[in-house]
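Trainee: The structure is given below, and queries will be raised subsequently.
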Amino acid sequence: MNQLRTLFMLLQEDFKDTIKGKGSDKDAKLKKTIRKHNLLSEMLVQLGDAYGAIFIIQGVFVTVTVCFYGIAARINCRLEDMKNFMISVISIINIFYCCREGQLVTDSATDVAIAIYDSPWEDLSCRHRKMILLSIIRSQRATYISSTSFTKISLTTFKTIMNMVWTIISLITKIYTKN
C-alpha cells in the first residue's frame, strides 16, 4: 500500500509540472498524466479486491482473540490470562497499521485533486481545462481499499473494531459478574 501511496504523491507532482510547463508537447504530457491517474485509480480498486478477504479474516480473528482473552483476564485475574491478553492486544497493532496505510493511500489519492487545483490550471486552453476538471472531479471521490462491499479499510474502521471489542468485553464481564 505504501508504494501505491508514493505513486499517487508522484502523480501530484506530475500534474503540477505538466500544468506549469510550457511547450508544444503539453497535450501529450497531460494525456499521459491522466492515463497514469486512471491506472493508479484502477490499481487502488484491485488492491481492495485482492486484500479484502484477508483483512476481514484477520480482523475477525483478532477481535475474537482479544475478546476471549480479555474476558478471561477480567474474570479470572490470573497472571497467565493477563499475559495472553497482552499478547492478543499486541496483535491489534497489525490491524492498526493496515487501517492506517489504507487511510494514507486514500488521502494521497484524494490529494491529487488539491494538487491539481492549487496549480494554475485556469490559464490553460479550454480543452485542457476540461480534461483537468474531469481529473479533479474523479480525484475528489474518495476511493477506499475495501475489505468487503461494506467495510472500508481506514482509521474509522479501526475505531469501529476497537469499540466493538470493548463493548463485547464489557457486556460479557457485566453479565458474568452479576451472576
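Please treat every number below as a calculation from the coordinates, not as lab data. A quick note: this is a predicted structure, and the numbers were derived from the prediction, not measured. When we count neighbours, we look across all protein chains shown, and the Cβ atoms used for this are built from the backbone with ideal geometry, even at glycine.
Trainee: Can you tell me how much longer the chain between V89 and D25 gets when fully stretched, taken as 0.36 nm per residue apart minus their C-alpha distance, in nm with one decimal? Let's see the in-between values first.
Mentor: Details: separation 64, 0.36 × 64 = 23.04 nm, distance 5.52 nm.
Separation in residues times 0.36 nm, less the Cα-Cα distance, equals 17.5 nm.
Trainee: Cut-off under 16 Å on the C-alpha distance; same-chain residues fewer than 8 positions from K152 excluded. Which lysines are left, in chain and number order?
Mentor: Partners within reach: none.
Trainee: Find me the longest stretch of the chain that has none of the exposed trypsin sites (Lys or Arg not before Pro), where exposed means in a DSSP loop (not H, G, I, E or B) with at most 10 other Cβ atoms within 10 Å. Mind showing how you got there, number by number?
Mentor: On the way: sites that count: K22, R141.
Longest stretch, sites excluded: 23-140.
Trainee: Going by how many other beta carbons lie within 10 Å of each one, how would you line up T160, T143, fewest first? If you can, show how the numbers build up before the last one.
Mentor: Numbers: T160 14, T143 19.
Final ranking by Cβ density, sparse to dense: T160, T143.
Trainee: So which lysines pass the test for K130, namely a Cα distance under 24 Å, with those fewer than 8 places away in the same chain ruled out?
Mentor: K16, K20, K22, K26, K29, K31, K32, K36
Trainee: Still on this structure: K152's amide H: which non-local residues (gap 5+, or another chain) put their own amide H closer than 5 Å, with H modeled 1.01 Å from N in plane and none for Pro or chain starts?
Mentor: The answer is S147.
Trainee: Let me know the shape class of the range 1-95, please: from the alpha-carbon gyration tensor, a ≥ b ≥ c as square roots of the eigenvalues, rounded when a/c is under 1.5, otherwise prolate if a/b is greater than b/c, or oblate.
Mentor: Working: a/c = 8.12, a/b = 3.73, b/c = 2.18.
Note, shape of the range 1-95 comes out prolate.
Trainee: In whole Å, what three semi-axes, largest first, describe the equivalent ellipsoid of the chain built from its Cα gyration tensor (square root of 5 times each eigenvalue)? Before the final figure, lay out the partial values.
Mentor: Details: eigenvalues 453, 34, 29 Å².
Listed largest to smallest, the semi-axes of the chain are 48, 13, 12 Å.
Trainee: What are the ³J(HN,Hα) values, in whole Hz, obtained from phi via the Karplus relation 6.51 cos²θ - 1.76 cosθ + 1.60 with θ = phi - 60°, for each residue of the range 99-109 in sequence order, with x given for Gly and Pro?
Mentor: 5, 5, 5, x, 5, 5, 5, 4, 5, 5, 5
Trainee: How big is the gap, in Å, between the Cα center of the range 47-104 and the Cα center of the range 132-179?
Mentor: Value for the Cα centre distance between the two parts: 14 Å.
Trainee: Hey, could you pull the Cα Rg and Dmax for the range 97-179, both in Å?
Mentor: When restricted to Cα atoms, the range 97-179 yields Rg and Dmax of 20.9, 76 Å.
Trainee: Please list, in order along the range 50-67, the HN-Hα scalar couplings obtained from phi with the Karplus expression 6.51 cos²θ - 1.76 cosθ + 1.60 (θ = phi - 60°), rounded to whole Hz, x for Gly and Pro.
Mentor: Those phi angles translate into 6, 8, x, 5, 5, 5, 5, 5, 5, x, 5, 4, 5, 4, 5, 5, 5, 5 Hz.
Trainee: Can you sort E122, E101 so the residue with the fewest Cβ neighbours within 10 Å comes first?
Mentor: On the way: E122 9, E101 17.
Lowest to highest Cβ neighbour count: E122, E101.
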